[in-house]
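The values are calculated or read from the model by the stated rules, or taken from the named source; none is laboratory data. The structure displayed is predicted, hence computed values, not measured ones. Counting neighbours? That spans all protein chains shown, and the Cβs are built from the backbone with ideal geometry, glycine included. Surface areas here come from the heavy atoms of the whole protein model, side chains and all, with no ligands, DNA or RNA. Shrake-Rupley method; radii C 1.70, N 1.55, O 1.52, S 1.80 Å.
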Amino acid sequence: MAMHLRRLYHTIETIGSQRFDSEEEQLKHVLEEIVRHEGIDLKGGRLWKLVVTTGMYELIHQTGSTDHIALGHRIQVTDYPILFELPRLHTVLAEEDNQYLRDRGIHTYSVTGIGQKVDWQGQRLYKYIVAFNADNIGQDTTARLNIIGAALNASLRSQRVERKAHRLEMDLDQASEIQRKILPQHAMQFSSYDMYGVSIADRIVGGDFFDYLQVEGDTEQLGVVIGDATSKGMSAAIEALYVSGALRLGYQYQSRIGVLLSHVNKLFHKTFADDHFISLFYAELTDSVNGLMVYANCGHNNPILLRAGSDRPEFLKATGQVLGPFPEESFKTDSVHVGPGDLLLLYTDGITEASNSQGDLYGEDRLVQRLIAGRALSPKELTQHLLDDVQTYSTQGPYSDDRTLIVIARRP
């Protein structure tokens with residue numbers, strides 16, 4: 001079974017995070033690891049590089065249980081017009097016409113664009129393309145291949161950024177200060193609700209954010225949002241600040257959650273690289289006696305709702321896609337009633353994907369257990385209790401990420 005798209009993204013991002021001497025070395029290593037990884041369900045792959053002077057893609061690496069093609073084999077770009085669609089579609093599936101390739105068992109192929117785009121005779125082409133083999137290649141695999149391409153592109157970009165990082169230290173310090181000022185106060189009270197939020201950046205700046213949204217003088221509803229940009233460092237911080245600011249501005253004028261998120265999604269897609277995205281959970285609390293809460297979960301970690309007097313958690317699952325890659329996405333909402341004494345926990349994946357020295361994840365089950373154990377604490381105390389437990393668990397862990405928590409409690 002293919003792994004969840006967000007976990008797939010992070011898996012590939014982690015594989016490609018070590019230092020490499022060149023882009024080709026990095027891509028070859030990541031390609032090997034993707035094919036080797038049991039959870040990704042791809043049995044082979046080939047890496048092609050554009051030779052601009054000839055208008056051809058040259059095979060530079062292949063791996064896995066596939067019929068091998070001679071390294072250095074070239075295909076003419078003009079023989080594959082669909083390659084000109086890659087900058088727009090990112091991944092394409094098509095029937096193979098080249099007899100040499102058909103003789104080697106390639107009848108249907110997938111191609112995903114990787115790396116920077118370059119000009120060739122007035123057209124834009126990717127510097128690299130990667131083709132994967134699987135037992136079943138079809139339209140249902142396009143989303144998975146797009147995420148793989150997005151993660152590879154982000155990994156390449158991250159390497160380029162890291163090589164320049166030492167020049168940005170003073171700017172990062174300033175950005176960190178700006179981010180701290182933009183984040184809201186930790187504690188918030190609204191109607192019969194008490195809440196407390198904390199966001200801790202893994203680096204100087206981070207891609208996690210949270211906010212409380214309220215029109216001045218409005219005592220009937222309050223928006224609560226938590227988000228996580230998938231990129232790292234400065235890039236993630238800029239994206240998080242952009243979305244947070246857009247939501248603050250849009251909240252003043254747009255009362256429908258779905259419409260607001262659609263506008264923000266289109267703006268994000270136009271502004272940032274097409275392989276970047278943000279997961280987000282947006283909740284609207286009301287002062288109604290029955291505790292009505294309307295929400296939209298845009299590909300984010302499922303918030304945990306713990307009912308008063310019950311140890312069985314409820315999970316507020318995704319109602320739509322992440323923000324960014326799908327500009328025409330419509331965002332649906334769902335609703336739930338938060339009763340007196342109920343607890344709601346919002347969090348980012350830096351909590352559940354924190355790992356110990358053996359690489360074991362902190363996980364959703366442990367988070368639920370700690371939430372149940374600390375349910376009698378105040379939102380502030382419970383937030384600190386959970387963060388301390390995650391920190392203790394992951395002190396020797398090989399991977400770390402931004403961590404954000406919001407605890408929302410309805411008073412009994």
Roughly what angle does helix 5-15 make with the longest principal axis of the chain, taking Cα atoms, 0 to 90 degrees, to the nearest 10? 60
Taking a ≥ b ≥ c as the square roots of the eigenvalues of the Cα gyration tensor, with a/c under 1.5 meaning rounded and otherwise prolate when a/b exceeds b/c and oblate if not, segment 191-277 is oblate
Quick one: which residues, 5+ away or cross-chain, put their amide H under 5 Å from the amide H of Asn133? H built at 1.01 Å from N. Lys43, Gly44, Gly45
Placed amide H near Ala187: partners under 5 Å, 5+ positions off or other chain: Gly197
Roughly how big is segment 189-292's charge dipole about its Cα centre, with Cβ charges of +1 (Lys, Arg) and -1 (Asp, Glu), in debye to the nearest 20? 340
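Whole number please: convex hull volume per residue, Cα atoms of segment 237-299, in Å³.
So the per-residue hull volume is 91 Å³.
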Tabulate in residue order the Karplus-calculated ³J(HN,Hα) for segment 250-264, using 6.51 cos²θ - 1.76 cosθ + 1.60 with θ = phi - 60°, rounded to whole Hz; enter x for Gly and Pro. x, 4, 5, 10, 10, 8, 8, 4, x, 5, 4, 5, 4, 4, 4
How large is the dipole of the chain about the Cα centre if only Lys and Arg carry +1 and Asp and Glu carry -1, each at its Cβ, rounded to the nearest 20 debye? 360
Lys/Arg Cβ at +1, Asp/Glu Cβ at -1, dipole of segment 70-158 taken about the Cα centre: which of Ile75, Asn153, Pro87 is farthest positive-ward? Asn153
Length released on extending from Arg102 to Asp360, taking residue separation times 0.36 nm less the Cα-Cα span: 88.5 nm
Sorting Met56, Asn98, Val30 by the position of each Cα along the dipole of segment 1-156 (Lys, Arg +1; Asp, Glu -1; all at Cβ), the one nearest the positive end of that ordering is Val30
Please give the net charge around Ile148, taking every other residue with its beta carbon less than 12 angstrom from that of Ile148, where Lys and Arg add +1 and Asp and Glu add -1. -3
What dipole magnitude, in Debye to the nearest 20, does segment 1-133 give about its Cα centre under +1 on Lys/Arg Cβ and -1 on Asp/Glu Cβ? 260
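Need the full-extension length gain, Ser255 to Asp79, defined as separation in residues times 0.36 nm minus the C-alpha distance. One decimal, nm.
Length gained, Ser255 through Asp79: 58.3 nm.
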Give the aspartates and glutamates reachable from Lys380 as a straight Cα distance under 17 Å; neighbours fewer than 8 places away on the same chain don't count. Asp194, Asp211, Asp342, Asp388, Asp389
With a Förster radius of 41 Å, plug the Cβ-Cβ distance of Glu314 and Thr54 into 1/(1 + (r/R0)^6) and report the FRET value to the nearest 0.05. 0.10
Answer rounded, prolate or oblate for segment 276-409, using the Cα gyration tensor with square roots of eigenvalues a ≥ b ≥ c: rounded when a/c is under 1.5, else prolate when a/b is larger than b/c, else oblate. oblate
For segment 199-318, the charge dipole (Cβ of Lys, Arg +1; Cβ of Asp, Glu -1; about the Cα centre) points to a positive end, and the Cα of Leu306, Gln252, Gly207 closest to that extreme belongs to Gly207
Would you list, by chain and number, the lysines whose Cα falls below 16 Å from the Cα of Lys266, excluding same-chain residues fewer than 8 positions away? Lys332
Compute the helix-to-body angle for 23-36: its Cα long axis versus the longest principal axis of the chain, expressed 0 to 90° and rounded to tens. 80
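Based on the Cα gyration tensor of segment 209-358, what are the three equivalent ellipsoid semi-axes, each the root of five times an eigenvalue, rounded to whole Å and given largest first?
25, 21, 13
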Have a look at Ala236, Ala308, Ala354 and tell me which one the Gaussian network model of the chain (Cα, springs below 10 Å) gives the largest fluctuation. Ala308
From Cα pairs below 8 angstrom and at least 6 apart in sequence, can you work out the relative contact order of segment 236-318, rounded to a whole percent? 19
In whole Hz, what ³J(HN,Hα) sequence does segment 211-219 give by Karplus (6.51, -1.76, 1.60; θ = phi - 60°), x for Gly and Pro? 7, 10, 10, 8, 6, 4, x, 8, 9
Among Thr66, Thr230, Thr348, which one shows the highest mean-square fluctuation when the chain is modelled as a Gaussian network with alpha-carbon springs under 10 Å? Thr66
For the chain, longest principal axis from Cα atoms; helix 169-182 axis from its Cα atoms; angle between them, nearest 10 degrees, is 40
Taking springs between alpha-carbon atoms closer than 10 angstrom, which of Gln62, Gln76, Gln26 fluctuates most in the Gaussian network model of the chain? Gln76
Straight-line reach check, Lys43, cutoff 29 Å on alpha carbons, 8 or more apart in-chain or any other chain, hits among lysines -> Lys28, Lys117, Lys127
Relative contact order of the chain (C-alpha contacts under 8 Å, at least 6 apart) in percent is 12
Using the C-alpha gyration tensor of segment 21-118, what are the square roots of 5 times its eigenvalues, in whole angstrom, with the largest one first? 20, 17, 14
Among (i) 25, 52, 21, 2; (ii) 28, 57, 15, 0; (iii) 20, 36, 24, 15, 5, 1, 0, the entry matching P(r) over Cα pairs in 20 Å bins from 0, in percent as calculated here is (i)
For the chain, what % of the accessible area comes from carbon and sulfur atoms, probe 1.4 Å? 50
